[in-house]
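Okay, structure first, notes after.
Just so you know, all these numbers are worked out from the coordinates, no wet-lab data involved. This structure is a prediction, so every number in the text was calculated from the model and none was measured. Here the Cβ is made from the backbone with ideal geometry for all residues, glycine too, and neighbour counts use every protein chain on show.
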Amino acid sequence: MKNKNLAKLTQSAILAALCFVTFTYLQIKIPVPGGDATSIHFGNVFLVLAALLIGGVYGGLAGAIGMTIADIMDPVYILVAPKTFVLKLCIGLIVGLFAHKIGRINHTNDSKKVFRYALSGSIIGMAFNVFADPIVGYFYKIYVLGQPADVASVLAKFSAGATFFNAITTVIIAMLLYTALRPVLIKANLLVDYDLNADR
């Protein structure tokens with residue numbers, strides 16, 4: 001497409017909408033003591049997919065915006081929306097860094113290299129989330145929301161388990177979708193920044 005920025009914005013909006021829909025409607029809430037909740041969801045799938053397809057910045061923003069809006073519209077999660085925005089943006093940036101800046105997956109047709117860097121970026125991005133989400137959530141609950149430390153600690157433990165499960169399913173599903181979509185988008189000339197001559 002001629003206007004890459006417009007293409008990225010368009011694809012970011014679509015992927016943000018998919019993040020919103022999957023987080024909002026394809027989730028299982030797990031109640032925890034203190035009236036809070038954590039959840040099993042698939043919102044991160046499209047965050048990781050977005051970072052693989054359109055890069056860390058746009059992909060991270062797509063996931064951050066989509067899931068932050070989902071939080072704002074959910075009375076259980078509305079107070080943690082700022083935390084969601086920051087963490088989801090960071091996931092996208094990490095996946096994009098490894099897949100695009102280091103692996104340069106949009107500048108090669110070596111399917112093994114593409115798969116290796118896309119997979120490693122996805123794993124590292126979700127590994128970050130497994131550790132960061134409960135830890136940041138713990139301190140956010142105490143210092144921003146004013147919850148007692150024991151309540152925040154219980155939520156962090158429940159959150160860690162759900163986040164780990166989400167991370168595994170995210171990597172598997174995102175990689176399946178990316179592997180299927182990449183050749184289709186290349187053929188349709190819709191894979192933004194795809195350029196085999198960039199390294200020459």
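Annotations for the structure displayed:
- Simple rule: put +1 on each Lys or Arg Cβ and -1 on each Asp or Glu Cβ in the chain, find the dipole, and look at Asn109, Ser153, Ala81; the Cα lying farthest toward the positive end is Asn109.
- Residue pairs, from the table Lys29/Lys83; Lys8/Lys29; Lys101/Lys157; Lys4/Lys187; Lys88/Lys141; Lys83/Lys112, whose Cα atoms sit over 24 Å apart: Lys8/Lys29; Lys101/Lys157; Lys83/Lys112
- Convex hull volume per residue in cubic angstrom - Cα atoms of the stretch 49-163: 90 Å³
- Among the helices of the chain, those built from whole DSSP H runs whose Cα atoms reach 30 Å or more along their own axis and whose mean Kyte-Doolittle hydropathy is at least 0.5 are 4-25, 111-143, 149-187.
- Ranked by the mean number of other Cβ atoms within 10 Å per residue, highest first, peptides 72-78, 5-11, 42-48, 91-97 order as 42-48, 91-97, 5-11, 72-78.
- Only DSSP H runs of four or more residues enter the estimate; each adds -39500 (n - 2.57), and after division by the residues of the chain the mean residue ellipticity at 222 nm equals -24500 deg cm²/dmol.
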